[in-house]
Amino acid sequence: MLALPPVFGLPNLLPPTLAWSYRGRSSSPEAPLSNPPHVVTVADAVPPSELKLAPLQAMTLTPIPGASHVDLRGAEATPAGTLRSFAGADVVEIHAHGFVDLKRSDASLIALSPEANGHFALNAREIADLKLPKAPLVILAACHAAYVAPYRHEPWGLPHAFLLAGARAVIASPETISDAEAGGFFRAVEQRILAGTDPAIALRDERVRQLARDPKSWTGAVLLFD
């Protein structure tokens, strides 16, 4: 879907049975995802206690057959360490708290473990400055990760920043997601895509499967940006 702000990034604009996405890239990636892929997973970060964020469940994901995996967890899951890990990734997965604080940033933030200088919030400006040569698939398993800043001149937010950096597609939700269900849902979508399914179809099929069990499932608001 081609859409301008403030429509770009709104959920539930089309029926959940349709395979659709928000078009944010100016061109398609030249190369397909590597097979087997190199997967970077960021999880179990420990953000500052003053944020008063509820602890997330420890993330246990079924390994993707044949893939090489790099996991950043706990104290290693800092913004700087996370950004460095993206360089050779075919798939980036971030399982963390997402939040909106307009005093800190005009887009949503991802709460990671603090660095020595106290910096803990991964933000869109840092991401947009990256170069992602392998055009990774990016999965943001964090609440409000697809929140779009209230601008009318550009759809500024984490998904758009990843696309500017070179990501081939970003999957995220502008709303609250289920901590207990997010890991399994996003990994299922990811495995469909790595098996060769078009990302929009992969997300649609997994979304329909979840909505058949629970018509009010949070998965109905999960969006694809490409």
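The values are calculated or read from the model by the stated rules, or taken from the named source; none is laboratory data. No experiment lies behind these values; they were computed from the predicted model shown. Here the Cβ positions follow ideal geometry from the backbone for every residue, glycine too, while neighbour counts run over all protein chains shown. Only protein heavy atoms, including side chains, enter the accessible area calculation; ligands, DNA and RNA are left aside. Shrake-Rupley method; radii C 1.70, N 1.55, O 1.52, S 1.80 Å.
Does His144 qualify as being under 15 Å from Phe225 (Cα atoms), open to solvent by 10 Å² or more (accessible area, probe 1.4 Å), touching an Asp or Glu at 6+ places or on another chain (Cβ under 8 Å) and part of a helix (DSSP H, G or I)? Even if it seems obvious, please write down each step before you answer.
Working: under 15 Å from Phe225 (Cα atoms): yes; open to solvent by 10 Å² or more (accessible area, probe 1.4 Å): yes; touching an Asp or Glu at 6+ places or on another chain (Cβ under 8 Å): yes; part of a helix (DSSP H, G or I): no.
Answer is no for this residue.
Condition first: in a loop (DSSP other than H, G, I, E, B) and open to solvent by less than 50 Å² (accessible area, probe 1.4 Å). Now tell me which residues in segment 49-75 satisfy that. Spell out the reasoning first.
Here is the first cut: in segment 49-75, the residues in a loop (DSSP other than H, G, I, E, B) are 52-67.
Listed by number, the residues that qualify are Met59, Leu61, Ile64, Ala67.
Only residues that are of a type outside the set (A, V, I, L, M, F, W, C) and crowded, with 23+ Cβ neighbours inside 10 Å: list them for segment 153-167, please. Before the answer, list the steps.
Going residue by residue through segment 153-167, those that are of a type outside the set (A, V, I, L, M, F, W, C) are 153-155, 157, 159-160, 166.
Matches in segment 153-167: Gly157, Pro159, His160.
For residues that are part of a loop (DSSP other than H, G, I, E, B) and in contact with a Phe, Trp or Tyr (Cβ under 8 Å, 6 or more places away or on another chain), tally how many sit in segment 81-111. Let's see the steps before the verdict.
Filtering segment 81-111 down to residues part of a loop (DSSP other than H, G, I, E, B) leaves 86-90, 96, 100-108.
In the following step, the residues that additionally are in contact with a Phe, Trp or Tyr (Cβ under 8 Å, 6 or more places away or on another chain) were identified as 100, 106-108.
Matching residues across segment 81-111 total 4.
Out of everything in segment 1-17 that is at pLDDT 80 or above, surrounded by 13 or more Cβ atoms within 10 Å (Cβ to Cβ) and among the aliphatic types (A, V, I, L, M), what residue ends up being nearest to His153 (Cα to Cα)? Lay out the reasoning, then the answer.
First pass over segment 1-17, keeping only residues at pLDDT 80 or above: 8-17.
Next, from what is left, pick out any that are surrounded by 13 or more Cβ atoms within 10 Å (Cβ to Cβ): 8-11, 13, 16.
Subset that is among the aliphatic types (A, V, I, L, M): 10, 13.
Details: Leu10: 16, Leu13: 20 Å.
Only one residue fits best here, namely Leu10.
Go through segment 171-226 residue by residue and tally those that are aromatic (Phe, Trp, Tyr) and open to solvent by 10 Å² or more (accessible area, probe 1.4 Å).
Filtering segment 171-226 down to residues aromatic (Phe, Trp, Tyr) leaves 185-186, 218, 225.
Still in the running and open to solvent by 10 Å² or more (accessible area, probe 1.4 Å): 218.
Number of matching residues: 1.
Output yes when any residue across segment 167-187 is basic (Lys, Arg), farther than 18 Å from Arg84 by Cα and assigned to a loop (DSSP other than H, G, I, E, B), and no when none is.
Here is the first cut: in segment 167-187, the ones basic (Lys, Arg) are 168, 187.
Filter once more, keeping what is farther than 18 Å from Arg84 by Cα: 168, 187.
Next, from what is left, pick out any that are assigned to a loop (DSSP other than H, G, I, E, B): 168.
Yes, segment 167-187 has at least one match.
Condition (residue is more than 15 Å from Asp44 (Cα to Cα), open to solvent by 60 Å² or more (accessible area, probe 1.4 Å), touching a strand residue (DSSP E or B) at 6+ places or on another chain (Cβ under 9 Å) and free of Cβ contacts under 8 Å to residues at least 12 places away in the same chain) applied to segment 93-111: is it met by at least one residue?
Pass one, segment 93-111, residues more than 15 Å from Asp44 (Cα to Cα): 99-109.
So of that shortlist, the ones also open to solvent by 60 Å² or more (accessible area, probe 1.4 Å) come out as 100, 102-104.
Filter once more, keeping what is touching a strand residue (DSSP E or B) at 6+ places or on another chain (Cβ under 9 Å): 100, 104.
Keeping just the survivors that are free of Cβ contacts under 8 Å to residues at least 12 places away in the same chain gives none.
So far as segment 93-111 goes, no, none of its residues is more than 15 Å from Asp44 (Cα to Cα), open to solvent by 60 Å² or more (accessible area, probe 1.4 Å), touching a strand residue (DSSP E or B) at 6+ places or on another chain (Cβ under 9 Å) and free of Cβ contacts under 8 Å to residues at least 12 places away in the same chain.
Can you tell me which condition Pro150 does not meet? The list is (1) modelled with pLDDT under 95; (2) crowded, with 16+ Cβ neighbours inside 10 Å, and all the others hold.
Here Pro150 clears every test but (2).
Let's see how each residue does on (1) within 30 Å of Ser26 (Cα to Cα); (2) under 13 Å from the mean Cα position of the chain (by Cα); (3) part of a helix (DSSP H, G or I); (4) polar (S, T, N, Q):
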{"residue": "Val46", "(1), (2), (3), (4)": "no, no, no, no"}
{"residue": "Ser113", "(1), (2), (3), (4)": "no, no, no, yes"}
{"residue": "Leu140", "(1), (2), (3), (4)": "yes, yes, no, no"}
{"residue": "Trp156", "(1), (2), (3), (4)": "yes, no, no, no"}
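In segment 32-48, what count of residues is obtained for those that are out of contact with any helix residue (DSSP H, G or I) (no Cβ under 7 Å at 6 or more places or on another chain), buried (at least 16 other Cβ atoms within 10 Å of the Cβ) and over 26 Å from Ala116 (Cα atoms)?
Going through segment 32-48 one residue at a time, the tally reaches 3.
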